[in-house]
Amino acid sequence: MLYSPLWKRLLILALCAWGIAASLPNLFYSDVEAHNDAVKAIDAAAGMATPEQTAELARWPEFLPNAVVNLGLDLRGGAHLLAEVQVADVYAQRIDSLWPEVRDALRDVRDQVGSVRRMPSVPGVLRVSVGNADGLAVAVAKVQALASPVVSLTGVGQKDLEVTTEGQEIVVQLSEPERVATDTRTMQQSLEIIRRRVDAVGTREPTIQRQGSDRILIQVPGLGSAAELKAIIGTTAKLTFNTVVGRTTNPAADPGPRNSLLASSDEKDVYYIVADEPVVSGEELTDAQPSFDQNSRPAVSFKFNVSGARKFGEYTSANIGQPFAIVLDDKVISAPTIQSAIQGGSGIITGNFTLEESTNLAVLLRAGALPAKMNFLEERTIGPELGQDSIDAGKVAVIIGMVAVSLFMLASYGLFGLFANIALVINIVMIFAVLSTIGGTLTLPGIAGIVLTIGMAVDANVLVFERIREELRIHKTTARAIEIGYERAMSAIVDANLTAMITAAVLFFLGAGPVRGFAVTMGIGIVTSVFTALWVTRFIIELWFNWRKPTEIVV
Amino acid sequence: MAWRLRLAPEKTNFDFFRHQWLTFGGSVLLMLLAFVFWGTEGLNYGIDFKGGTTLRTDSSQPIDVGAYRAAVESQPVGDVVITEVFDPSFRADQHVAMIRISSAEADQAVSEDALTAVKTALVKLDPAIKFVSEETVGPKVSGELVYTSILAMTVTSIGIMLYIWMRFEWQFALGGVLALLHDVFITVGIFALFQIKFDLTIVAALLTILGYSINDTVVVFDRLRENLVKYKTMPLKDVMNLSVNETLSRTLMTSITTLIAVGSMMVFGGDVIRGFSFAIFMGVLLGTYSSVYVAKNIVLMIGLDRSEKPKNGKPSDHEFANIDA
């Protein structure tokens, strides 16, 4: 007689039951998905359900598990972007905004350092020449006093600025720990802003992940194209309010120092010369909403925070009758004349907007500007038809592969082959159960991984069965032969599967996108196939053995 | 006795070293040939490794590759490769082509304007055309992917080698990993010979071959280890032959089931994944061969020190003998 302990038999049954329950929703994919979407929509609307939503909700019963495998981009269709954030941009901005402070600080000690001039240099480095060489040390001390401690875990006790001298010049740049801290902040900010912008479009389950030190992976299933996705996240939406120096129709006009020549966004051949240093910038906005101006044309209303409101109020009261420019991404969207001092910090941006444009602009302004420019390193668009074709082909391949392997096992091992086939079916069920539960993503190579698992899953059983045959040949009793067969095959099974696991792990950690999906299904397949081939088949064999009590067996 | 499908007779007694000069020598020769093809023909790299853009078009109209080429090449782009795709799963009026474009300027991704121009030209040629997928990889990423792929292969090989060394002897580790490299390089050679598109998924396939092939080899080694303890005085070569013979039935069974499954993927799984399935299919064939004819030969050549066995001093014939499955 063959007996496994009761707890083990119960555990096997429980795991199999769980596997069937957890993989079940995948058979009714569209129903479950509709149900899940409805649940989310109703949650978002604070429990208020439209009749359609209630109908969608009823497509899948509440008490059953509702986790399904995510389909990867290559199966569902959608857009994929790999963006590189130009983190160095932020250093340049920081250093540029430092110059007025440095100038003011050195002005206080003018009698010792002499005249102060900003010298040309590479972006991210501030070079200041000092008129009086003897005052260099004083000047350096003064600039160093501007530095503040780095706010980060690793950079404790260090300053954010690195001040050195080169001849008559003071060279100021961000210190190494500050750069690291800045990079982290830039990446977090970029991720957050991209997430908000993509969410605002309202698609299903976007993936927005940081990759490596300065990259962001964005995958949005169901979106038409990568170009569309770029349009959603690509605009930096950097809003500033600047002083207008002049207006011209000459695109080659010389704007003069510390001014820029910017094109108007709606008037053709009109250029504005605006001061580089903004009066107020979009970071000080607290709110932006689509609205309408006096003439009922679409506009965007905005509100500043306290410091922005103060700056804006001071500037407008000092410049009544002068125009000022509202600049978005280096284009002047409008240049109204200041009619009166604007106190209280709220206002309205008019321009030739359509309703859609004003809504988008409000979203962009609310989400905030991307802190740095992004380069797109990889763009992929997969059409939904191609994805569906791949799913269909994958299904056919899985079914045919499975039937063929099952027939082969049946022919080779008879009844024991049948046991192995039951285990094989449970194995596939378990793979889907685990994938659904951990929220894994199924990709096309992932389907290939499942197919490969079908082939390899029977391997453990083959090892056991071959071993049982050998033991039977040397005339062990039937029960003993089965027991020894399992025992002796164990080491080969462990070694074979652990080495395969090493491969799956490497693929997971070094692979990207679809390849990672393959590693996931392969890894899960290895674990579940060992479970089904060793525990489940043994359980079935025991049941059969104790029921029929055969005196001799043929494997 | 019930009827059973047998891939090998119940008890075989083949001498797997008999034609060593042919089998092992053939492997060495094939590997050399693989390197020659790799060196001379080069691999047909996909955009993952070379950078560029691929467009997959789908149309109800038959494809005239020449006209497509003329339409694409009249746009400001670099090299153009157009291949028509066939698959048994396509509908009768489904005509699919893959168009690979590299940028006109070196070290640049294909610009959006150029791409739009290409698409417009193709639509003009065939109004029924649809662009079902579009992928662009910049030169920076493609360079990194080459590096990551090589790293992945190396890390996996080292990982496997360490594991086998730990569980067996260093000679086994070396023999096993050399057999793996044999499988992988010959597969790469086949890709070079037939100029099949070599992209990131193929690297995944090669890594899978590593995993599969070592699986096969390990089973043989495992039996070898067991028999080395059992037959302490039998010459190494004979113990090896015995072990391979004993596991032959299993080796063939597992290979066949895996080949059936992967073969089904290759035939029915659609053209998108065909290269991947093909690579695994070749790898399984080669892996089976190398675990029978390559891995143990290398161990035999290096030789084993059998004097200090059993290593752990226990008379147990088996490290896992006391494990309850």
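Quick check: anything in the range A:162-182 touching a residue at least 60 places away in the same chain (Cβ under 8 Å), surrounded by 19 or more Cβ atoms within 10 Å (Cβ to Cβ), touching an Asp or Glu at 6+ places or on another chain (Cβ under 7 Å) and not aromatic (Phe, Trp, Tyr)? Yes.
The rows are residues; the columns are (1) in a loop (DSSP other than H, G, I, E, B); (2) among the small types (Gly, Ala, Ser); (3) within 14 Å of chain A (Cβ to nearest Cβ).
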residue: B:29; (1), (2), (3): no, no, no
residue: B:38; (1), (2), (3): no, no, no
residue: B:56; (1), (2), (3): no, no, yes
residue: B:68; (1), (2), (3): no, no, no
residue: B:78; (1), (2), (3): yes, yes, no
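Only one of these conditions is not met by residue A:134: (1) at pLDDT 80 or above; (2) part of a loop (DSSP other than H, G, I, E, B). Which number is it? Against the list (1) at pLDDT 80 or above; (2) part of a loop (DSSP other than H, G, I, E, B), residue A:134 comes up short only on (2). State whether the residues of the range B:143-160 include one that is at the interface with chain A (Cβ under 9 Å from one of its Cβ atoms), surrounded by fewer than 20 Cβ atoms within 10 Å (Cβ to Cβ) and of a type in the set (Gly, Ala, Ser). There is at least one residue in the range B:143-160 that is at the interface with chain A (Cβ under 9 Å from one of its Cβ atoms), surrounded by fewer than 20 Cβ atoms within 10 Å (Cβ to Cβ) and of a type in the set (Gly, Ala, Ser).
Kindly provide the set of residues from the range A:467-484 that are closer than 20 Å to residue B:12 by Cα and assigned to a helix (DSSP H, G or I), ordered by number. Within the range A:467-484, A:467, A:468, A:469, A:470, A:471, A:472, A:473 meet the criteria. Evaluation of residue B:202 against the conditions (1) more than 14 Å from every other protein chain (Cβ to nearest Cβ); (2) of a type outside the set (D, E, K, R); (3) crowded, with 21+ Cβ neighbours inside 10 Å shows that the sole unmet condition is (1). Look at the range A:372-390: where a residue is within 9 Å of another protein chain (Cβ to nearest Cβ) and a partner is outside any strand (DSSP E or B) and surrounded by fewer than 19 Cβ atoms within 10 Å (Cβ to Cβ), sitting 6+ places away or on another chain with Cβ atoms under 6 Å, you get A:377/B:140; A:381/A:225.
Over 30 Å from residue B:37 (Cα atoms), in the same structural domain as residue B:38 (by TED's automatic domain parsing) and in contact (Cβ under 8 Å) with a residue 40 or more places away in the chain: is that true of residue B:200 in this structure? I'd like the intermediate steps shown before the answer.
Values: over 30 Å from residue B:37 (Cα atoms): no; in the same structural domain as residue B:38 (by TED's automatic domain parsing): yes; in contact (Cβ under 8 Å) with a residue 40 or more places away in the chain: yes.
It is false that residue B:200 is over 30 Å from residue B:37 (Cα atoms), in the same structural domain as residue B:38 (by TED's automatic domain parsing) and in contact (Cβ under 8 Å) with a residue 40 or more places away in the chain.
In summary, residue B:270 fulfils each of the numbered conditions (1) modelled with pLDDT under 90; (2) under 20 Å from residue B:187 (Cα atoms) with the single exception of condition (2). One residue alone among A:545, A:518, A:531 is assigned to a helix (DSSP H, G or I) and under 30 Å from residue A:379 (Cβ atoms), and that residue is A:518.
Have a look at A:513, A:440, A:455 and point out the one that is more than 10 Å from chain B (Cβ to nearest Cβ) and either modelled with pLDDT under 85 or within 18 Å of residue A:418 (Cβ to Cβ) (or both). Walk me through it before giving the result.
Details: A:513 fails: more than 10 Å from chain B (Cβ to nearest Cβ); A:455 fails: more than 10 Å from chain B (Cβ to nearest Cβ).
Result of the check over A:513, A:440, A:455: A:440.
Selection of first residues in the range B:56-73 that are over 19 Å from residue B:46 (Cβ atoms) and of second residues that are among the small types (Gly, Ala, Ser) and in a helix (DSSP H, G or I), restricted to Cβ pairs under 8 Å at least 6 apart or on distinct chains, gives the following pairs, ordered by first then second residue: B:71/B:121.
Show me the helices (runs of 4 or more DSSP H) entirely contained within the range A:1-93 in which 1 or more residues are aliphatic (A, V, I, L, M) and modelled with pLDDT of 85 or more. Don't jump to the end; show me each part of the working.
Values: elements: A:6-23, A:29-44, A:51-57, A:73-76.
So the answer is A:6-23, A:29-44, A:73-76.
Filtering the range B:238-260 to residues that are away from chain A (no Cβ under 11 Å), out of contact with any Lys or Arg (no Cβ under 7 Å at 6 or more places or on another chain) and not β-branched (Val, Ile, Thr) leaves B:238, B:241, B:242, B:245.
Okay, residues lined up against (1) more than 22 Å from residue A:18 (Cα to Cα); (2) in contact with a helix residue (DSSP H, G or I) (Cβ under 8 Å, 6 or more places away or on another chain); (3) in the same structural domain as residue A:528 (by TED's automatic domain parsing); (4) not in a helix (DSSP H, G or I):
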| site | (1), (2), (3), (4) |
| --- | --- |
| A:396 | yes, yes, yes, no |
| A:399 | yes, no, yes, no |
| A:403 | yes, no, yes, no |
| A:409 | yes, yes, yes, no |
| A:420 | no, yes, yes, no |
| A:424 | no, yes, yes, no |
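The criterion of at least 1 residues that are at pLDDT 85 or above and either within 14 Å of chain B (Cβ to nearest Cβ) or at positive phi (or both) is met by the following strands (runs of 3 or more DSSP E) wholly inside the range A:209-305: A:215-221. Exactly one residue among A:494, A:506 is over 15 Å from residue B:157 (Cβ atoms), at the interface with chain B (Cβ under 7 Å from one of its Cβ atoms), outside any loop (DSSP other than H, G, I, E, B) and β-branched (Val, Ile, Thr), and that residue is A:494.
Condition check ((1) surrounded by fewer than 24 Cβ atoms within 10 Å (Cβ to Cβ); (2) among the hydroxyl-bearing types (Ser, Thr, Tyr)) across all residues:
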site: A:383; (1), (2): yes, no
site: A:399; (1), (2): yes, no
site: A:416; (1), (2): no, no
site: A:429; (1), (2): yes, no
site: A:433; (1), (2): no, no
site: A:443; (1), (2): no, yes
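The values are calculated or read from the model by the stated rules, or taken from the named source; none is laboratory data. Because the structure is predicted, anything quoted here is derived from the model rather than measured. Positions of Cβ are backbone-derived with ideal geometry, glycine not excepted, and every protein chain shown enters the neighbour counts.
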